[in-house]
Amino acid sequence: MTLLEVLVATLVGGLLFASLLSLTSFSARSFAALGNYVDLDRKSRNALDRMSQDIRQADLLTSFTSNSLVFQITTLTNTNKLALTFAYSPVNETLTRSFTGRTTVLLTGCKYYHHDVFQRNPTNGVFGQYPLDDPTRPDLAKVIQLTWICSRDILGKSANTESVQSAKVVIRKD
């Protein structure tokens, strides 16, 4: 073998090794992003399921701010009226549920959270719009629209963001 053949073989081997390393790195990053997205979607769905179940069973909305919703819940056993609170912390990027002294974190990494409060009766022939006529009367609310976006970092970069999770939930009790 000549020196030229050894150099060409080394160059071809180096290029194959570099391309294999690049492919492995890309695949690992793609699988991490896919796993991250699946986990974000699962947690987001669980939070929405929990919130919609609680809101549907609530007696009424007692108060709300831009970052919190407070509902009245009547227990079946002794008819006590208890407060159920959903609160968003933009500083901690968390959405929490508080009931009977226990606080549970429903979502982490929430970059955006918003809710709208509606009545059930339509306004002047505009189908599907139920604005709350009097914001000082949260007990008139029958529909809550929830919207949030959660994201996570992958290897120090915000690689993917949860698609917007949004739902309108109707308070069933009158």
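Quick note: the coordinates plus some simple rules give every number you see, no bench work behind them. Quick caveat: nothing in here was measured; it's all calculated off a predicted structure. Note that we place each Cβ from the backbone using ideal geometry, even for glycine, and neighbour counts take in every protein chain shown.
Annotations
- The label-point distance for Arg56 and Ser68, in a model that sets each label 7 Å from Cα toward Cβ, rounds to 2.7 nm.
- Nearby aspartates and glutamates by direct alpha-carbon distance to Lys111 (threshold 18 angstrom, same-chain neighbours under 8 apart not counted): Asp39, Asp41, Glu93, Asp153, Glu162
- Highest-first arrangement of 112-119, 98-105, where packing means the average Cβ count within 10 Å: 112-119, 98-105
- Gain on full stretching of the segment that runs from Thr75 to Glu5 - 0.36 nm per residue minus C-alpha separation: 16.8 nm
- With both labels modelled 7 Å from their Cα along Cα-to-Cβ, the Asn92 to Thr104 distance reads 1.6 nm.
- Length-normalised contact order of the chain in % [C-alpha pairs under 8 Å, at least 6 apart]: 20
- Computed lengthening from Asp153 to Arg45, 0.36 nm per intervening residue step minus Cα-Cα distance: 36.9 nm
- Shape parameters for the chain, alpha-carbon atoms, Rg then Dmax in Å: 25.4, 93
- By average C-beta atoms within 10 angstrom, highest first, the peptides 145-153, 69-77: 145-153, 69-77
- Note on Asp139 and Val38: with the Förster distance fixed at 41 Å, the Cβ-Cβ geometry gives a FRET efficiency of about 0.55.
- Per-residue ellipticity at 222 nm, computed for the chain from helices alone with -39500 (n - 2.57) per DSSP H run of at least four residues, works out to -12000 deg cm²/dmol.
- About its Cα centre, the dipole of the chain is roughly 420 debye, where the only charges are +1 on Lys and Arg Cβ and -1 on Asp and Glu Cβ.
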